[in-house]
Every structure is written in structure tokens, then in C-alpha cells.
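Scroll down for the structure; my scribbles are underneath it.
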Amino acid sequence: MSKIIVFSEDAFEGRTAEFKNDVRNLEEKGFNNVISSVKVIGAPWVAYYEKNFTGKQRVFEEGEYATLEDKEKFSSLRIITDDLDNPEIQLFEHINYQGRTVTLHNETNLQDIAFSDIASSHKVKGGVWVLYERISRQGDQLVSFPGEEVPSYLPLSFNDEASYVRPLLPKP
């Protein structure tokens, strides 16, 4: 059974709660903007800065996170139950799927293919993808799900930001 255990303080201290399903509004559970450390068992989770799975995002894969870089910021949680096999994302240089395009199936440093800080829209054909603001999985993240089409990163404050992308991989 997949779950996320959240804590109100660093190092798995303070108040705690365990979730096995999506939480659209952490305020209703008494955990809005207080999560400082987490443990993830099983499937990955996405934590959102705003309720109803909106705002900035951070993905947490199975493991323990004793101190969060963006602690006390999360307002909703979503478990990833999507099929992670056959990942494919198509990135576009301009909004509305215009300009140069690149199709990816694997983790990629966009600098290596001359596409860093260029993408403005994308389509996910398969898998769940994490786009990062900086190389080496650093900076702000944008998580995108199978079938999702994002015509413009402008409303997401992510335009011309992506420098690194990777699919979440299924457990062996």
C-alpha cells in the first residue's frame, strides 16, 4: 500500500499524519503550510503549493526527506497512480505547440541537445514527466501527466525555464 507520512517539523518530528489518497485541501486535515519532512512508501507523490493540485509543485519518490527545501509551503497532495511505462514527451519551442520540437523518451539534460531555457509548451504521450528549472534535477519543478497538453508555460511562470527533464520510472 502506497502512502505518504507528513511531519510538521524537520527530522520526522512534531505532528504527523498519514495519507493513502489524494488530499485536495490540507487545511481540512490541519496540515496546510506546515509540512517540514516526509516519508514516502510505494508510489511517488506530488505536493502542491496551492489547494486543488495547483501552484508550484514538488515530486517525492519513495524514500525519506528529513528536511524539505520548500517546507511549510504545501496545500495539497496527489499520489501518482498513472502508468509509468513507455514515457514520451514532446517539447515545443513556442507556445501553442509551435516552433522547433524535440521528442524525448529518457532523462535528458536539455543543454546537451541545445534546448535548454527554450521550451514554452509540451504534450505528454506517455508516462509522468518532471521538468526542472536547472540541470541536475534542481530548481522549480513542473510535473506533467499522461495525455496532458500544456499549450503555454506563461501562466505557470515556467516559460523558457526548463533545463532538465526526466520521466518517473516504474519500480522493477
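Scanning segment 87-112 for residues that are aliphatic (A, V, I, L, M) and either under 14 Å from residue 131 (Cβ atoms) or in contact with a Gly (Cβ under 9 Å, 6 or more places away or on another chain) (or both) yields 89, 91, 102, 104, 110. Residues that are surrounded by fewer than 21 Cβ atoms within 10 Å (Cβ to Cβ), within 30 Å of residue 30 (Cα to Cα), small (Gly, Ala, Ser) and outside the structural domain of residue 51 (by TED's automatic domain parsing) do occur in segment 124-140, at least one of them. In the condition set (1) surrounded by fewer than 19 Cβ atoms within 10 Å (Cβ to Cβ); (2) in a loop (DSSP other than H, G, I, E, B); (3) free of Cβ contacts under 8 Å to residues at least 40 places away in the same chain, residue 158 is compliant with all but (1). Taking the criterion of being part of a loop (DSSP other than H, G, I, E, B) and at positive phi, the residues of segment 110-139 that qualify are 114, 117, 127, 136, 137.
Scanning segment 7-26 for residues that are assigned to a helix (DSSP H, G or I) and surrounded by 14 or more Cβ atoms within 10 Å (Cβ to Cβ) gives 10, 12, 26.
You will find that of 59, 40, the residue that is in contact with a Ser or Thr (Cβ under 9 Å, 6 or more places away or on another chain) and either assigned to a loop (DSSP other than H, G, I, E, B) or in the same structural domain as residue 12 (by TED's automatic domain parsing) (or both) is 40 and no other.
The values are calculated or read from the model by the stated rules, or taken from the named source; none is laboratory data. Given the structure is predicted, the values throughout are model-derived calculations rather than measurements. Note: ideal-geometry Cβ built from the backbone for every residue, glycine included; neighbour counts use all protein chains shown.
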